[in-house]
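Beneath this line is the structure, given in structure tokens, with notes to follow.
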Amino acid sequence: MNKRVLIVEDEPDIVRGLTDALEFEGFDVVSKGFGKDGVRIMRERGADCVILDLMLPDINGYAVCEEIRAFNPLVPIIMLTARGEESDKIRGLDAGADDYVTKPFSVAELLARIKAMFRRLGRAAPVDEETFAIGSAVVDAKKHTLTRARKSWPLTFYEVELLKLLYERRATPVSRDEILEKIWGVDGRGHNRTVDNFIVKLRKMLEDDGKEPHHILTVYGHGYKLVP
Ligand code: CA
């Protein structure tokens, strides 16, 4: 059965471009111009992936994301954000989005990212254990949770994939470019902040003090190293 992608966006040109490209690749596409309609479609029919614009005529993308997350914690949600607003991106990730792309974006690139994501979703976990420990935290890759100090956080698709990759390569540095290529399916140019923004969020869960990390270390000019 074809994978279904839901687009929640009110700009007709973007919807048309994305729909054509996704249908050409064999996806079924449903699109809605209002946030509330997007939430309703997710409830009634579901989708395998959601592309969600931040600026919508009724409720904003963060609210849509939170509403969808309340009943569907795992569906991948990719948010379309305005250029250059790092705070928008972090807020989107905090609202439960898996990923974001910055407008104006290349349809080919977004498509590459979606295809890479589905490839990873379809593959058995390369980490043998379904759960693994990082410091005092326990990551459950199947349930998409991170538990530490009696608190539990839901993890999004990319957070799980990123933790798994860093854990597999623990104690050795992994470059941003490799992370982007392996997990996001894109080459590193122009995307350096993507990985960094995910690391910021993971450190909030893993570290006592996100500014003095002990488990996800920055390797300057290169990438990150996980120390369990
Ligand atoms: Ca819009």
Go ahead and set up a Gaussian network model of the chain, Cα springs under 10 Å, then flag whichever of Leu165, Leu155, Leu80 fluctuates most.
-> Leu165
At a Cα cut-off below 19 Å, give the aspartates and glutamates reachable from Lys89, other chains included and same-chain residues fewer than 8 away excluded.
-> Glu9, Asp53, Glu66, Glu67, Asp98, Asp99, Glu109, Glu159, Glu161, Asp196
Based on Cβ point charges of +1 for Lys and Arg and -1 for Asp and Glu, what charge dipole magnitude is obtained for region 1-143 about its Cα centre, in debye rounded to the nearest 20?
-> 320 debye
Of the residues Ala116, Ala95, Ala133, which exhibits the maximal mean-square fluctuation in a Gaussian network model of the chain defined by a 10 Å Cα contact cut-off?
-> Ala133
Under the Karplus relation with 6.51, -1.76 and 1.60 and θ = phi - 60°, whole-Hz ³J(HN,Hα) for region 48-64, x at Gly and Pro, equal 8, 7, 10, 9, 10, 7, 6, 9, 10, x, 9, 10, 7, x, 4, 5, 4
Determine the alpha carbon to alpha carbon distance for each of Lys36/Lys164; Lys115/Lys211; Lys36/Lys103; Lys103/Lys143; Lys164/Lys204; Lys36/Lys204 and list only those over 28 Å.
-> Lys36/Lys164; Lys115/Lys211; Lys103/Lys143; Lys36/Lys204
Amide proton proximity set for Leu52, modelled H, under 5 Å, gap of 5+ | Val8, Ile78, Met79, Leu80
Cα-based reach from Lys151 at 14 Å (exclusive), listing aspartates and glutamates while leaving out same-chain residues under 8 positions away = Asp140, Glu207, Asp208
GNM flexibility winner over the chain from Gly185, Gly122, Gly210 (Cα, springs under 10 Å) = Gly122
Restricting the count to DSSP beta bridges whose residues both fall in the chain, what percent are antiparallel, rounded to a multiple of 5?
-> 50 percent
Post the alpha-carbon centroid distance, region 204-228 to region 131-169, in whole angstrom.
-> 14 Å
Of the residues Phe27, Leu166, Thr147, the Cα lying farthest along the dipole of the chain towards its positive end, which is defined by charges on the beta carbon of Lys, Arg, Asp and Glu, belongs to Thr147
Select from Cys65, Pro213, Ile14 the residue farthest towards the positive end of the dipole of the chain; place +1 on Cβ of Lys and Arg, -1 on Cβ of Asp and Glu, and compute about the Cα centre.
-> Pro213
How much mean residue ellipticity at 222 nm does the chain get from its helices, if each DSSP H run of length 4 or more adds -39500 (n - 2.57) and you divide by all residues, to the nearest 500 deg cm²/dmol?
-> -12000 deg cm²/dmol
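Read the figures in this text as sums done on the coordinates, not as results from a lab. Computed from a predicted model, the values in this text were never measured in an experiment. No Cβ is skipped: glycine too gets one built from the backbone with ideal geometry, and neighbour counts run over all protein chains shown.
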